[in-house]
Amino acid sequence: MDMQATQQPVCGTRSVPRKPGKRRIPAFWVRQFHTWHWMSSAICLVGMILFAVTGITLNHAGSIEAEPQIATQEYTLPAALLETLAAVPEGAGAGTAIPPPVTEWLDKTAGVDVSGRAPEWSEIELYIPLAQPGGDGWVLIDRTTGAVVHEATDRGWIAYLNDLHKGRDTGIAWSWFIDIFAAACVIFSLTGLLLLQLHAKKRRSTWPIVGAGVAIPLFLLAFLTH
């Protein structure tokens, strides 16, 4: 009896040759894709919800407008501070800073922080714009009589969130946040695409759905947009 014919292969000892031309992504990079994906999604979570909701409110801004609330207050600048303003040259331009004593008085008396604002000077008055998210405002000081008028406009919290979406009058800190948030969204999307590629063999609908996500906006832009 032929012993070679009766020998059975031992289970688990036979190696299956890898198919030529198939290169697998190293496990290290697969783990990195998952890590970057979930970390970027955690960073983007609140910001993405905010920008998605405000995208809807901006798209329907005409139908959800709020009635602006306008508040006006009047004061009189002390004589000593009026002399301080009078000492500012008549040809002062927009780059001329507001004298610190006047800034402190406006903060304590009118509750208005004008530090960092760009004032507009003329021979008879000082105008300080106070633009802000969701509203507007200004302070006008008569350099002759010392009359001070402060007006503040509040357009509501929806306008406030819309201005955050656009980065309107939000300052440098929020501008940096938008840039960092946008970068995190790019990382989130690219790592998501790489993970889709890794799992596409087990999910046949992956690429048709991705293709639809590309084709639908292109179709709308090409045929249904003015």
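Structure summary
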| item | result |
| --- | --- |
| Top-ranked residue of the range 39-80 - restricted to ones that are assigned to a loop (DSSP other than H, G, I, E, B) and not hydrophobic (A, V, I, L, M, F, W, C), ranked as farthest from residue 147 (Cα to Cα) | 60 |
| Residue 157 aromatic (Phe, Trp, Tyr) and surrounded by 14 or more Cβ atoms within 10 Å (Cβ to Cβ) | no |
| Residue 149, sole failed condition from (1) modelled with pLDDT under 95; (2) under 30 Å from residue 71 (Cα atoms) | (1) |
| Of all residues making up the range 160-179, the number that are closer than 14 Å to residue 52 by Cα and either exposed (fewer than 15 other Cβ atoms within 10 Å of the Cβ) or charged (D, E, K, R) (or both) | 2 |
| Conditions (1) farther than 30 Å from residue 48 by Cα; (2) in a helix (DSSP H, G or I); number of the one not met by residue 118 | (2) |
| Residue identified as small (Gly, Ala, Ser) and either surrounded by 15 or more Cβ atoms within 10 Å (Cβ to Cβ) or under 30 Å from residue 77 (Cβ atoms) (or both) among 147, 182, 200 | 147 |
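Results for (1) in contact (Cβ under 8 Å) with a residue 40 or more places away in the chain; (2) touching a Lys or Arg at 6+ places or on another chain (Cβ under 8 Å); (3) surrounded by 14 or more Cβ atoms within 10 Å (Cβ to Cβ), shown as yes or no for each residue.
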| residue | (1), (2), (3) |
| --- | --- |
| 82 | yes, yes, yes |
| 100 | no, no, no |
| 110 | yes, no, yes |
| 133 | no, yes, yes |
| 138 | no, no, yes |
| 151 | yes, no, yes |
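The values are calculated or read from the model by the stated rules, or taken from the named source; none is laboratory data. Note that the structure is predicted; figures quoted are calculated from it, not measured. Because the Cβ atoms are built from the backbone with ideal geometry, glycine has one as well, and the counts that use them run over all protein chains shown.
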